[in-house]
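Right, one structure below, let's go through it.
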Amino acid sequence: MKEKQEKLFVCEFITGGGLSDEALPESLVHEGTLMRDALLRDLNQMKQYALITTHDARLPQPALARKSLPVIASDFKKTFKKALKQADLVWVIAPETDGALLGLTELCLAEEDKEHGAQFLGCGFDATLIGTSKSLTFDTLQAAGIHTLPVYSGEDLIQPAFFEEMSTLKVAKWLAKPEDGAGCEGIRLFDSLTALRDWLQEDQRYLLYFAQPYQSGINASFAYLSGGGGLAWLLCCNEQHICQTGQLFKLTGITVNGMVAYWQRFETLMRKLAKELPDALGYVGVDVIIDTQANKIYVIDINPRLTTSYVALTEAIGCNAAKLILDNQCDESFKMPRIQKNIVEIQW
């Protein structure tokens, strides 16, 4: 008799209907599609799960899922909950923006606590909360003794006394970043603190943004597999290709394992992070800036979810990345296999 397959619900927020009430940003749809299809491909190759997804009704249905529920305007949460109740396991890919990742994580963890609830494949609430908040990320990195860039509240920056204090710093350029942003989305570059302050005061943006000094260097990232409780294994070390147009930034590609020369240093950072994020489980992505002149690595963001680097991860490590992550979370006797360090380009 053929063994019944477990139902695994994969939800990539952007393509899965999370933005059904608004216009779809082309770049985010492209990145989301790449991640979703890479994960579905790897899961399909395991021949172990019946795959369920959701899709924005304005977009094509994913070809690699057995079943996909269309999402129309204002119907995302309802459709998500419907798919969640049909599943044995759930894997969410969502941005930190507007609390999307945190909200879905909380919803899935609540469902997991119920009898016969779907098992959540992802980081716990605390790790997700820290990754969602730039200020909490800063506090966590400081506590771990990891180089990072100072974070200044937008609300503080519009206060005359604090502004004068910041003006004494020898900082040539500044960045404004959304408090719960993801990747390059919403980041703006300013040539002076005065220009930054003026922009923050418009439409009360200071309530939603914070400021950081601009740090030049190599944009890079690494991803690791977290077993929880401080256990972690490095998966890849990547160079990020970011272009600047005016004040805005855009990720145009990634060289997965393009920074293998920094493997040992990234591994040290990973171990420090793993201790600070004991409920992080599965894939964790970390964005960094490498200051080659000062020989420093600044950790900028912690992403408690799949990142775009996952698209080429299976090819980069020489084994099925989804299986590796699932084995880590579902197999109590998990042992990390030896992985390859192949260099793979992702471009769009």
Residue 312, sole failed condition from (1) more than 19 Å from the chain's Cα centre (by Cα); (2) modelled with pLDDT of 95 or more: (1)
Candidate set from segment 113-125 (those that are closer than 23 Å to residue 225 by Cβ, crowded, with 16+ Cβ neighbours inside 10 Å and not polar (S, T, N, Q)); member that is farthest from the chain's Cα centre (by Cα): 118
Residues of segment 60-86 classified as within 17 Å of residue 100 (Cβ to Cβ), in a loop (DSSP other than H, G, I, E, B) and modelled with pLDDT of 95 or more, total: 1
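Residue by residue, here is whether (1) in contact (Cβ under 8 Å) with a residue 24 or more places away in the chain; (2) touching a strand residue (DSSP E or B) at 6+ places or on another chain (Cβ under 9 Å); (3) of a type in the set (S, T, N, Q) holds:
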| site | (1), (2), (3) |
| --- | --- |
| 26 | no, no, no |
| 30 | yes, no, no |
| 54 | yes, yes, yes |
| 62 | yes, yes, no |
| 86 | yes, yes, yes |
| 110 | no, no, no |
Scope segment 305-329; condition surrounded by fewer than 19 Cβ atoms within 10 Å (Cβ to Cβ) and among the basic types (Lys, Arg); matching residues: 323
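Between 285, 258, which is open to solvent by less than 70 Å² (accessible area, probe 1.4 Å), of a type outside the set (Val, Ile, Thr) and not in a strand (DSSP E or B)? Even if it seems obvious, please write down each step before you answer.
Values: 285 fails: not in a strand (DSSP E or B).
None of the others qualify; the one that does is 258.
Quick one: in segment 1-53, which of the residues that are of a type in the set (Val, Ile, Thr) and in a helix (DSSP H, G or I) is farthest from residue 91 (Cα to Cα)? Let's see the steps before the verdict.
Of the residues in segment 1-53, the ones of a type in the set (Val, Ile, Thr) are 10, 14-15, 29, 33, 52-53.
The next check asks that each one be in a helix (DSSP H, G or I); those that pass are 14-15, 29, 33.
On the way: 14: 14, 15: 14, 29: 18, 33: 15 Å.
Among those residues, the one meeting the criterion is 29.
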Within segment 95-112, considering residues that are open to solvent by 20 Å² or more (accessible area, probe 1.4 Å) and under 13 Å from the mean Cα position of the chain (by Cα), the one modelled with the lowest pLDDT: 97
Unique match (being among the aliphatic types (A, V, I, L, M), in contact with a helix residue (DSSP H, G or I) (Cβ under 7 Å, 6 or more places away or on another chain) and under 30 Å from residue 341 (Cα atoms)) among 232, 176, 211: 232
Cross-chain or 6+ apart pairs with Cβ under 7 Å, segment 320-347 first and within 21 Å of residue 31 (Cβ to Cβ) and in a helix (DSSP H, G or I), then open to solvent by less than 60 Å² (accessible area, probe 1.4 Å) and polar (S, T, N, Q): 321/314
Where residue 296 falls short, out of the listed (1) farther than 20 Å from residue 49 by Cα; (2) charged (D, E, K, R); (3) modelled with pLDDT of 95 or more; (4) within 21 Å of the chain's Cα centre (by Cα): (4)
Residues satisfying the stated conditions in segment 334-348, i.e. surrounded by 15 or more Cβ atoms within 10 Å (Cβ to Cβ), over 22 Å from residue 241 (Cβ atoms) and of a type in the set (D, E, K, R): none
Residues within segment 233-248 that are surrounded by 15 or more Cβ atoms within 10 Å (Cβ to Cβ) and more than 17 Å from the chain's Cα centre (by Cα), tallied: 1
Selection status of residue 272, open to solvent by 50 Å² or more (accessible area, probe 1.4 Å), in a helix (DSSP H, G or I) and not hydroxyl-bearing (Ser, Thr, Tyr): yes
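Please report, ordered by residue number, the strands (runs of 3 or more DSSP E) entirely within segment 127-213 with at least 1 residues that are among the small types (Gly, Ala, Ser) and surrounded by 19 or more Cβ atoms within 10 Å (Cβ to Cβ). Working first, answer last.
Numbers: elements: 174-178, 188-190, 209-213.
Ranges flagged: 174-178, 209-213.
The values are calculated or read from the model by the stated rules, or taken from the named source; none is laboratory data. Treat the numbers as computed from the prediction; the structure is a model and nothing was measured. In this analysis, Cβ positions are derived from the backbone assuming ideal geometry, glycine residues included, and neighbour counts consider all displayed protein chains. In case anyone asks, the SASA skips ligands and DNA or RNA and just uses the protein heavy atoms, side chains included. Shrake-Rupley method; radii C 1.70, N 1.55, O 1.52, S 1.80 Å.
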